[in-house]
Protein chains: 2
Amino acid sequence: MVKRVRGSRTGRPIMVLLDLLGRRWTLRIVWELREEPRRFRELQDAIGASPTIINTRLAELREAKLVLLDEAAGYRLTTLGEELLRLFLPLHVWSEKWAKAI
Amino acid sequence: MVKRVRGSRTGRPIMVLLDLLGRRWTLRIVWELREEPRRFRELQDAIGASPTIINTRLAELREAKLVLLDEAAGYRLTTLGEELLRLFLPLHVWSEKWAKAI
DNA sequence: CAAACTTGCTACAGAAATTGTAGTAACGGA
DNA sequence: TCCGTTACTACAATTTCTGTAGCAAGTTTG
């Protein structure tokens, strides 16, 4: 069931997804989890945002089944989360090109 | 020259990009421009955000050379912007799969 | 020519989100 | 018992965003 979230009135999956990813720190958190699981505090240190908002975003990402908490290792991407990340990986290379252009 | 923006302390292109795209409505605006140019008010109506923030985001996207204002047709993606969009297009299909999973 | 419309955009007060700091509660090991 | 680690919460200050109204310049219409 698709949840209607902030700013997404239609409930269309792409809109819900864009809304979720368009919240501050969400993309960054997914990015930080791209290689290995991270502890809450590691994420906090790496990202530099307040624990309040990191926890809020993690809760949203967990509810969206993109991230899960593996007690033994820390937060990590679910299979879905990894799929999403894979779509984003080309951004890395492209961002270098973009940086040169601006 | 890469500008150090909110939340991006390193200045690494990927971080700057993730920060830019991770602001509310930014992804959504790029998405709305995917097919054809849009007027300011069209964007406003389609997105449902305040003109203040739409204008702020458009200014950021223009500075990032992802969007430009074509006086005759409206706001549209630059070549760079189109490249970025192309990376995001797979999200559309994937979001449908994701929606079924959650 | 004047009124009406369209254009991008700004002002501003109230509401909501985010920060920064401190601290809680549960658990494990020494 | 004390210390460290864990995820997480409280809360006031600050920043961002909203919602509504309107401006200024140009175009269209009567």
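The values are calculated or read from the model by the stated rules, or taken from the named source; none is laboratory data. All of these numbers come straight from a predicted model, not from anything done at the bench. Neighbour counts run over all protein chains shown; Cβ positions are idealised from the backbone, glycine included. For the accessible areas, the whole protein counts, side chains as well, though only heavy atoms, and no ligand, DNA or RNA atoms are used. Shrake-Rupley method; radii C 1.70, N 1.55, O 1.52, S 1.80 Å.
Computed quantities for the displayed model
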item: Restricting region B:59-74 to residues that are within 12 Å of A:I102 (Cβ to Cβ) and assigned to a helix (DSSP H, G or I), the residue that is least open to solvent (accessible area, probe 1.4 Å); result: B:L61
item: Where a residue in region A:58-76 is without any contact (Cβ under 8 Å) to a residue 24 or more places away in the chain and its partner, wherever it lies, is in a helix (DSSP H, G or I) and open to solvent by less than 60 Å² (accessible area, probe 1.4 Å), with Cβ under 6 Å and at least six apart; result: A:K65/A:L80
item: Residue selected from region A:56-72 under the condition within 9 Å of DNA strand D (Cβ to nearest atom) and in contact with a Phe, Trp or Tyr (Cβ under 7 Å, 6 or more places away or on another chain), by the criterion farthest from A:L17 (Cα to Cα); result: A:L69
item: Residues that are under 18 Å from A:L18 (Cα atoms) and either touching a residue at least 40 places away in the same chain (Cβ under 8 Å) or not in a helix (DSSP H, G or I) (or both), drawn from region B:37-55; result: B:G48, B:A49, B:S50
item: Meets criteria (modelled with pLDDT of 95 or more, within 13 Å of chain B (Cβ to nearest Cβ) and more than 12 Å from the chain's Cα centre (by Cα)) for A:S8; result: no
item: Restricting region B:17-36 to residues that are touching a residue at least 24 places away in the same chain (Cβ under 8 Å) and touching a strand residue (DSSP E or B) at 6+ places or on another chain (Cβ under 9 Å), the residue that is surrounded by the most Cβ atoms within 10 Å (Cβ to Cβ); result: B:I29
item: Residue among A:T56, A:T52, A:T79 that is within 12 Å of DNA strand C (Cβ to nearest atom), at pLDDT 95 or above and open to solvent by 80 Å² or more (accessible area, probe 1.4 Å); result: A:T52
item: Of all residues in region A:37-49 being within 19 Å of B:M15 (Cα to Cα) and open to solvent by 60 Å² or more (accessible area, probe 1.4 Å), the one that is nearest to DNA strand D (Cβ to nearest atom); result: A:E42
